[in-house]
Amino acid sequence: MRVQSQMLPDAGDLHEQAEELGKARSQDIAYFDLNVSLGSGVIAFSLAQLQQNTVYTQAKQQLRKWREDAYNDARVKFRNDQGSYVTVQQWLRAKNMSKDAYLNPSWDNTLERIAIQRALETTYTVSHMRTGNESDIWSATVNGVGAHGEVLAFDWSKNFVNAFNLWMQEKEDYIKHVNGAQINENDYGHYMSLIDPGANRLGFSMINGVAAGAIYGGSGDTTPLNLNGTYMMPLAVSDKVASTAQFEGLPGHFAVGKVATTSLSVSRYSWNGNATYFASVDPLIMGEWQTGNANVIAADGYQLKAVGPGTTNVVFDSGTGRNWSGTLTVYRFTDVNTSTPHEGDINWLSDSGITKGYNNSDGTVRYEGMTRVYRQDMAAFLRRLAVKRNISDAATWKPSAADWNVFKDVNRNTPHAEDILWLAHAGISTGWNVAGGKEFRGRSTVVRQDMAAFLHRLDNLW
């Protein structure tokens, strides 16, 4: 398949695909769009296991606990409007801000949405980078409103309090920074951002061991999302990663009657090898198929059905202006392809209606080219050929009462009984003489010398 080169695919399709994905994984999965801008790239979908009620409660508790600690520790200082370091209490007095307002910053709905989106993306990138073409984290906005700060933490125990404490462990380095020591900002920036009295709006999330916090900015809407459970959520996939996407469900041998349910996925390791610890699934690029010839392959959403033999072009449209295209060949039988001996002759038999093959349980048909040919099956083959060539009365003949008595071992329950009796009627087969009459022996195999006689006698009728 070839990749060619933001809008989301139809929401109804996404709900349907989420339901199908849930059935496949034996989970209750709902589609939820955070309405966070994803940036450019192919839109894929991942699974997020959320416990936002727990995160909401624990975040509020931890913020109050550690801000209380900072409020009472004169070593913790922040710059005032004049650029001088002052204690938290001094900062609050200068701003006429109450202690309670400092200890209980607002939970912001927009920042929560951004935090969830960024936690999901970070399970793949394991860094302050996005998964799409734009790596800039500040491109994650809701209706143009974003955050002005981001904190990330990785905790394999998937415990939000433990993750929060990782940020708080930076307190002593922050104090050293305030006192003039040369400390890398990465060693104190998380603590500074979360304890900063100017950070009055926050939102948090945790997905599979990745904790994310969005700070500053926001919309002022204090309503928590209360998302609890497993959700299918969108994220952008960069062109570079999308070029490595692989299809699942495309059959190696596509036979008439086969229905292939497909998905297009990118490896979770495509962004960062360490994603193995945090990303739960390979993102799925779901879209819909288009086909160049519906008489060969019919397309229905993310399913392909082999309708008739032939080769046609198929296109998987992701709904984002990018697609994957290629050609697929449909075969008449599941066990016949271009390397099968006499493949062309077998296909001619099928196209001519001379042989139908054996039905498989999935609606496809097999030929069984190495299976022995029984005399009763050969009777059917010869009569169908005679009908096709308009030989004698093959197309219209019906056996009389006398015809039903020609062979002792042929009755109305015998497979291809009328075809057997037509061979006798046309003089193509006379059977074996036995006591009291003749036998056709339909379950005996056809030997080559008998086949020579059958074909010669048929040819004489033409």
Inset, instruction - Report, by residue number, each residue of the range 31-49 that is touching a helix residue (DSSP H, G or I) at 6+ places or on another chain (Cβ under 7 Å) and either assigned to a loop (DSSP other than H, G, I, E, B) or among the aliphatic types (A, V, I, L, M) (or both). - result: Leu34, Asn35, Val36, Ser37, Gly39, Gly41, Val42, Ala48
Legend entry - Test: Tyr174 is in contact with an Asp or Glu (Cβ under 7 Å, 6 or more places away or on another chain), over 18 Å from Leu111 (Cβ atoms), assigned by TED's automatic domain parsing to the domain that holds Thr123 and not in a loop (DSSP other than H, G, I, E, B): no
Inset, instruction - Please identify the pairs in which a residue from the range 266-278 that is part of a helix (DSSP H, G or I) has its Cβ atom under 6 Å from the Cβ atom of a residue that is surrounded by fewer than 19 Cβ atoms within 10 Å (Cβ to Cβ) and modelled with pLDDT under 95, counting only partners at least 6 apart or on another chain. - result: Ser270/Thr244; Ala275/Tyr269
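Results for (1) out of contact with any His (no Cβ under 8 Å at 6 or more places or on another chain); (2) on the phi > 0 side of the Ramachandran plot; (3) acidic (Asp, Glu), shown as yes or no for each residue.
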position	(1), (2), (3)
His128	yes, no, no
Val145	yes, no, no
Val151	no, no, no
Ser157	yes, no, no
Glu172	yes, no, yes
Gln182	yes, no, no
Gly198	yes, no, no
Ser205	yes, no, no
Inset, instruction - Just name the residue that is surrounded by the most Cβ atoms within 10 Å (Cβ to Cβ) out of those in the range 312-362 that are within 14 Å of Gln290 (Cα to Cα) and of a type in the set (Val, Ile, Thr). - result: Val314
Inset, instruction - Please list, ordered by first then second residue, the pairs with beta carbon atoms under 7 Å, 6 or more apart or interchain, first in the range 102-113 and surrounded by fewer than 24 Cβ atoms within 10 Å (Cβ to Cβ), second part of a strand (DSSP E or B). - result: Pro105/Arg201; Pro105/Leu202; Ser106/Arg201; Trp107/Leu202; Trp107/Gly203
Inset, instruction - Tell me which residues, restricted to the range 119-136, are closer than 14 Å to Trp271 by Cβ and assigned to a helix (DSSP H, G or I). - result: Leu120, Glu121, Thr122, Thr123, Tyr124, Thr125
Inset, instruction - Say whether the condition of being at pLDDT 95 or above, surrounded by 21 or more Cβ atoms within 10 Å (Cβ to Cβ), among the hydrophobic types (A, V, I, L, M, F, W, C) and assigned to a strand (DSSP E or B) is met by at least one residue in the range 179-198. - result: no
Inset, instruction - Give the residue, chosen from Arg389, Arg383, Arg457, that is surrounded by 12 or more Cβ atoms within 10 Å (Cβ to Cβ), closer than 26 Å to Asp345 by Cβ and over 57 Å from the mean Cα position of the chain (by Cα). - result: Arg457
Legend entry - Residue, nearest to Thr141 (Cα to Cα), within the range 10-37, restricted to residues that are hydrophobic (A, V, I, L, M, F, W, C) and modelled with pLDDT of 95 or more: Val36
Inset, instruction - Determine whether the range 284-304 contains at least one residue that is assigned to a strand (DSSP E or B) and among the acidic types (Asp, Glu). - result: yes
Inset, instruction - Go through the range 238-265 and give me each residue that's more than 17 Å from Thr364 (Cβ to Cβ), charged (D, E, K, R) and outside any strand (DSSP E or B). - result: Asp239, Lys240
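The values are calculated or read from the model by the stated rules, or taken from the named source; none is laboratory data. Because the structure is a prediction, the values reported are computed rather than measured. All Cβ positions, even for glycine, are placed from backbone atoms using ideal geometry, and neighbour counts span all protein chains on display.
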